[in-house]
Each structure stands twice: as structure tokens, then as C-alpha cells.
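These notes are about the structure you will find just below.
The values are calculated or read from the model by the stated rules, or taken from the named source; none is laboratory data. Since the model is a prediction, treat every value here as computed from it, not as a measurement. Cβ placement follows ideal geometry from the backbone for every residue including glycine, while neighbour counts extend to all protein chains displayed.
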């Protein structure tokens, strides 16, 4: 986990997730972390002070690990870039209680299954993830902008395929399209 840095990323909607792992191998990506369930909770004040400032406070649990993340306002063009601080937390439940006592409430929850890949021979360049969400499958590329562009191109994507929106925004748009009231982006059930 990083103590502080700048996150640069894009998402790309995947229309054929079944063939994607094989394609990744063909263009030089290696599995780094097997498919794992991830639960994320966003926190804010009751008047959405953090959201209005373009910031985010998140608790994430995956496997036995829990992480707290703060993200600052983003700059977009052609990638989504924003300051990010994150660290492991020992107890997710205790961290939730601390948030509540500080006046933060859970405002949105989202789930996904995430599989991570790195470039064979150059794992420090960036991370490619496959995120399976209740609203579809997304490829996420996170790393330096030139690496993102080169990796996307190797996979047959271009800037027109880049999505810079958060999962919360994508979920809201999906609910509007389907004419349903947004709640949380969670699976009906998961293994």
C-alpha cells in the first residue's frame, strides 16, 4: 500500500470478458492476483461536504485486508489523475466507528470481483485489472499516462474508449438508463 502518491487511471468497458484473459496473455500481461471479492464503502458528511469538494473517503475490504483511502480532486484529460493517500487498517469495524464518531456516514457501497495483471517483465510500469461489477465488466489501467496509452492500444482500445467516471457515477447512469432508484451497487448474492 502506498502512503501517498498520484493515481492516474482509465476504465474501459469490456463487451467480451470471457476472451479477455487469453488476449492479455497474447499481448504480454501476467496474472498478479487471482480473482477476489472486494467490498467498498464511501463515507461523507450528511451534507456531502467531501463530494462537493471533489474528494473521496473510502474503506475497502478484500480478503483479509482492509484499506482506508482518501482521494483528492481529479484532473481529467485524457486520463483521470488525482492525489491519493491510502494505508492498511487493522480493524475495518473500528475504523467505521471512528468515522461515525467524527460525523461521517456511509453514503454509498459498491462491490466487485477484481483480478490483477502486470506487464510481463515490467511489473512496475502499471497495473491492469479486470473488475466484474453488478453493472458490467471493466478493464482498469492504472500507471503512468504513456503506459496506459500504450497498453490500451496493444489491447485494441483508444482514447475514445476511456471512461473517466467513478463506479458511483457509472452506477447512477445505469440506474437512470434502467429507470430504477439508485441504492448501492452490490450483487444480489456472491460466493
Inset, instruction - Please specify each residue of the range 1-29 satisfying the condition of being surrounded by fewer than 13 Cβ atoms within 10 Å (Cβ to Cβ) and either assigned to a strand (DSSP E or B) or within 19 Å of the chain's Cα centre (by Cα) (or both). - result: 1, 2, 3, 4, 5, 6, 15
Legend entry - Search result, residues across the range 30-54 that are assigned to a loop (DSSP other than H, G, I, E, B) and in contact with a strand residue (DSSP E or B) (Cβ under 9 Å, 6 or more places away or on another chain): 45, 46, 48, 54
Inset, instruction - Being over 25 Å from residue 75 (Cα atoms) and in contact with a strand residue (DSSP E or B) (Cβ under 6 Å, 6 or more places away or on another chain) is the filter here, so list the residues in the range 140-189 that pass it. - result: 184, 186, 187
Inset, instruction - Considering only residues that are at pLDDT below 95 and not in a strand (DSSP E or B), look in the range 55-78 and name the one that is farthest from residue 162 (Cα to Cα). - result: 64
